[in-house]
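I have placed the structure first, in the form of structure tokens, so that the comments after it can refer back to it.
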Amino acid sequence: MRVSMESHKSTVLILGAQGMLGQELVRVFGENTRYDVLGWDREEIDLTDFTFSERKIREVAPSHILNAVAYNAVDACETSEEEYAQAQLLNTEIPRRLAHIASQIDATFVHYSTDYVFDGTNTAGYSEVAKPYPLSRYGMTKYRGEQAVLAAVGQSYVIRLSKLFGKPAVSTAGKQSFFEKMLLVAEGKTEVSAVDGERSCFTYAPDLARATRELLEDRSSPGIYHLANSGVATWYEAAQELFRLVRPDVIVRPVSPDAFPRPAERPEYSELLNIKRPLLRDYREALQEFISER
């Protein structure tokens, strides 16, 4: 997929372009005529074939590489060695190699990470300088990916987000957001349950895409950034807000995380504190926009 702009513009290569975040990055960068946007997904490039992917990236010589490819089957990664190996490949090794390629061709590199790099014991929240302590295999693969990217020589950014939501991914491999899942669960019902736990921030994909573009256009210093939407909520509290907006007849019942035991441990409190950039709007305002555009 290619969004062509005027000639002699910066070339932005977006990997994972059919995912929930990737498709918004393609759209947002494509709105600015200074960019020639290349959106590649699995059909265009196999990132696990390192020789082929490096050659293809070098051929287009992008000025920016944005990596929205990730493994996020958190529980499968915890229980399966095969899945864990896949997580290590997608979340650690591929970002390492992409950052290396970017440094060699003098391209700016952006990689996306997660609040799951933290252990959730700090109820004051986690800033960009907080020390990560992952609780799960998944979290560890993401943390190692961050370290690999930041160790590369060049202009590299790690952007952490949490609880991503937005339009469903074009890719068949894409996951539905929590809000889409809750709306499906509530079909034909007047009562649903949601876990009253994992207090953190929600992140609206269009807002994150815009914040990414602004980060780069402002020539911000390389490093780690937290770009989740403002506001903190548990799954239950967010579900309450969702149904207040779309179906006030639905009663949301809080349940303990113990009611839905899962193999991978999650951080209990993982608010991402943004101390470097302008704050993104409250997730509840973003949720209203999300609903209006469904």
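Laboratory data are not the source of any read-out in this text; all were calculated from the coordinates shown. From a predicted model like this one, the values you see are computed outputs, not experimental measurements. Cβ coordinates were reconstructed from backbone atoms using ideal geometry, including for glycine residues, and neighbour counts include every protein chain displayed.
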**Request:** Quick one: which residues, 5+ away or cross-chain, put their amide H under 5 Å from the amide H of Thr108? H built at 1.01 Å from N.
**Result:** His64, Ile65
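Cα-Cα over 31 Å: which of Lys9/Lys56; Lys56/Lys142; Lys167/Lys276; Lys9/Lys131; Lys142/Lys189; Lys9/Lys175? If you can, show how the numbers build up before the last one.
On the way: Lys9/Lys56 19 Å; Lys56/Lys142 25 Å; Lys167/Lys276 27 Å; Lys9/Lys131 38 Å; Lys142/Lys189 37 Å; Lys9/Lys175 33 Å.
Over 31 Å apart, Cα to Cα: Lys9/Lys131; Lys142/Lys189; Lys9/Lys175.
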**Message:** Please report the net charge: other residues with Cβ closer than 14 Å to the Cβ of Val69, K and R +1, D and E -1.
**Reply:** -1
**Request:** Quick one: what are the phi-derived ³J(HN,Hα) couplings along segment 67-82, Karplus 6.51/-1.76/1.60 with θ = phi - 60°, whole Hz, x for glycine and proline?
**Result:** 9, 9, 8, 7, 9, 9, 7, 4, 6, 4, 4, 6, 10, 10, 5, 5
**Asked** Among Gly30, Ala76, Leu90, which residue has its Cα positioned farthest towards the positive end of the charge dipole of segment 2-292, with +1 placed on the Cβ of Lys and Arg, -1 on the Cβ of Asp and Glu, and the dipole taken about the Cα centre?
**Response** Gly30
**Prompt:** For segment 259-294 and segment 100-135, what is the separation of their Cα centres, given in Å?
**Reply:** 16
**Request:** Would you calculate, for the chain, the mean residue ellipticity at 222 nm contributed by helices, counting each DSSP H stretch of 4 or more residues as -39,500 (n - 2.57) and dividing by all residues, to the nearest 500?
**Result:** -10500 deg cm²/dmol
**Asked** How large is ³J(HN,Hα), in whole Hz, for each residue of segment 252-265 in order, when computed from phi with the Karplus curve 6.51 cos²θ - 1.76 cosθ + 1.60 and θ = phi - 60°, using x for Gly and Pro?
**Response** 9, 9, x, 10, 6, x, 5, 6, 10, x, 9, x, 8, 7
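Just check segment 40-109 against the gyration tensor rule for me: Cα atoms, a ≥ b ≥ c as the square roots of the eigenvalues, rounded for a/c under 1.5, and otherwise prolate or oblate depending on whether a/b exceeds b/c.
Since a/c reaches 1.5 and a/b is larger than b/c, the shape of segment 40-109 is classed as prolate.
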**Prompt:** Taking the chain as a Gaussian network, Cα atoms linked when under 10 Å apart, which of Phe178, Phe50, Phe260 shows the biggest mean-square fluctuation?
**Reply:** Phe260
**Message:** Through the Karplus equation 6.51 cos²θ - 1.76 cosθ + 1.60, θ set to phi - 60°, convert the phi angles of segment 242-249 into ³J(HN,Hα) values in whole Hz; use x for Gly and Pro.
**Reply:** 4, 6, 4, 7, 10, 8, x, 6
